Amino acid sequence: MTAVAARRVEDLDWRTWRATDRATLVFCVDGGRILLIRKKRGLGAGKVNGPGGRLEGDETPRQCAVRECQEELHVEPLNPKEFGRLRFQFVDGYGLDVHVFRADEFLGQARETDEAIPLWTAFGDIPYDEMWQDDRLWIPFLLAERTFDGYFIFDGDSMLDHTLEADVDLSEVPGPRADATR
């Protein structure tokens, strides 16, 4: 079955699936708070998410995560650790392969840019109703410092199906690693 026709995770052969884009998300954590953003433009504009974006050139996912956080919030994550891998297939044909990082140390003060409004949020106050539907499934793993691996089918903003596994060894997850270039 083609990616466009897929409406369930099991409809695709994820071993041969290729994303349209590779991207990152990075979440800075300070005690019981997480740094979120309200996106101003691009995929998910208007939604609350974490800083991140598409890989450029030969950069690794980790390098991309740091660059995107600096561009979007003027914050530099220090030693971000990869906690998750998420694959998204949209019924319109777009596919996204996302590496998710957490940084418990960072430099700079978050400030608004043309791309994002910073939102320091207590763990218990995360506005899941303003986020992508999948976020409420895996962000608790990130906050608990548990690794995760997920596959999602979306039709626009609506999640049609998913699988998500926690406590995975990310070195055994198929596909490029956090430090691998394209």
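The values are calculated or read from the model by the stated rules, or taken from the named source; none is laboratory data. If you're wondering where the values come from, they're calculated on a predicted model, not measured in any experiment. For neighbour counting, all protein chains shown are included, and Cβ atoms are generated from backbone atoms with ideal geometry for every residue, glycine included. Protein only, heavy atoms only, side chains kept; ligands, DNA and RNA dropped before computing areas. Shrake-Rupley method; radii C 1.70, N 1.55, O 1.52, S 1.80 Å.
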Checklist entry - Going by the conditions given, is ASP30 within 24 Å of ALA166 (Cβ to Cβ) and modelled with pLDDT of 95 or more? => result yes
Item to check | Every residue from the stretch 39-55 that is over 14 Å from GLU71 (Cα atoms) and modelled with pLDDT of 95 or more | outcome: LYS47, VAL48, ASN49
Checklist entry - Out of all the residues in the stretch 36-51, which are closer than 16 Å to ARG111 by Cα and open to solvent by less than 30 Å² (accessible area, probe 1.4 Å)? => result LEU36, ILE37, VAL48, ASN49, GLY50, PRO51
Item to check | From the options GLY46, GLY93, GLY53, GLY57, residue that is within 22 Å of MET159 (Cβ to Cβ), over 15 Å from the mean Cα position of the chain (by Cα) and free of Cβ contacts under 8 Å to residues at least 40 places away in the same chain | outcome: GLY46
Next on the checklist: For the stretch 62-77, check the following and say yes or no: at least one residue is open to solvent by less than 30 Å² (accessible area, probe 1.4 Å), closer than 17 Å to PHE27 by Cβ and assigned to a strand (DSSP E or B).
Outcome noted: yes
Checklist outcome for this item: When LEU73 is run through (1) out of contact with any Pro (no Cβ under 9 Å at 6 or more places or on another chain); (2) on the phi < 0 side of the Ramachandran plot, the failure sits at (1)
Checklist outcome for this item: Being on the phi < 0 side of the Ramachandran plot and over 17 Å from the mean Cα position of the chain (by Cα) narrows ARG102, ARG8 down to just ARG8
Checklist outcome for this item: A careful count of residues in the stretch 52-61 that are open to solvent by less than 40 Å² (accessible area, probe 1.4 Å) and farther than 16 Å from PRO118 by Cα gives 4
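Restricting attention to the stretch 72-117, which residues are of a type in the set (Val, Ile, Thr) and closer than 30 Å to ASP11 by Cα? I'd like the intermediate steps shown before the answer.
So the first thing to find is which residues in the stretch 72-117 are of a type in the set (Val, Ile, Thr), and the list is 75, 91, 98, 100, 113, 117.
Once the filter is applied, which keeps residues that are of a type in the set (Val, Ile, Thr) and closer than 30 Å to ASP11 by Cα, the stretch 72-117 yields VAL91, VAL98, VAL100.
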Checklist entry - In this structure, does ASP157 turn out to be in contact with a His (Cβ under 8 Å, 6 or more places away or on another chain) and more than 15 Å from VAL26 (Cα to Cα)? => result no
